[in-house]
Amino acid sequence: QVVSRYVFNAPFMWTEELARNLGIWLVLLCTGLVVREERHLGFDILPEAWKPFLRLVANLAIIFFSVSLIMGSITFVKVAGGMKSTALQIPLWILYLSIPVGLILMTIFSVDNLKNHIRSFFRHKKGSRL
């Protein structure tokens, strides 16, 4: 955008829209990665003994949040089916599809994390009885 505006004295209108759309996809795809790596908000000031339980609660909250929004986001994609973006003239459902995709990734990775935390929680409990 800057090069076309200052060098060619004719800015391309589609570059800003493309950057915004790619940024939205990037953020929503990265939410799944953040959940998979468990890099989301944590509580370091709480006692260490609470952390296994808090990880279970956090994953359950993420699953509840993302599952509750998936159906609404799919409806949102369907509503935008006939609309096109202003500059690029691409269907808006392509942009809005990033929402359910990000939520589905969050759900999948949270379920996997929850499964792993439950296993380690019970292994820890089993090992502490010995």
Residue in the stretch 119-129 that is outside any helix (DSSP H, G or I) and either open to solvent by less than 60 Å² (accessible area, probe 1.4 Å) or in contact (Cβ under 8 Å) with a residue 60 or more places away in the chain (or both) present: no
Criterion (of a type in the set (S, T, N, Q), assigned to a helix (DSSP H, G or I), out of contact with any Phe, Trp or Tyr (no Cβ under 6 Å at 6 or more places or on another chain) and farther than 30 Å from SER120 by Cβ) met by exactly one of SER73, SER66: SER73
Pick from the stretch 80-99, criterion in a loop (DSSP other than H, G, I, E, B) and of a type in the set (Ser, Thr, Tyr), ranking: surrounded by the fewest Cβ atoms within 10 Å (Cβ to Cβ): THR86
Selection count, the stretch 12-39, where residues are open to solvent by less than 60 Å² (accessible area, probe 1.4 Å) and either more than 20 Å from LEU105 (Cβ to Cβ) or modelled with pLDDT under 85 (or both): 2
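The values are calculated or read from the model by the stated rules, or taken from the named source; none is laboratory data. All of these numbers come straight from a predicted model, not from anything done at the bench. Because the Cβ atoms are built from the backbone with ideal geometry, glycine has one as well, and the counts that use them run over all protein chains shown. Each accessible area value is taken on the protein alone, full model and side chains, heavy atoms only, with ligands, DNA and RNA left out. Shrake-Rupley method; radii C 1.70, N 1.55, O 1.52, S 1.80 Å.
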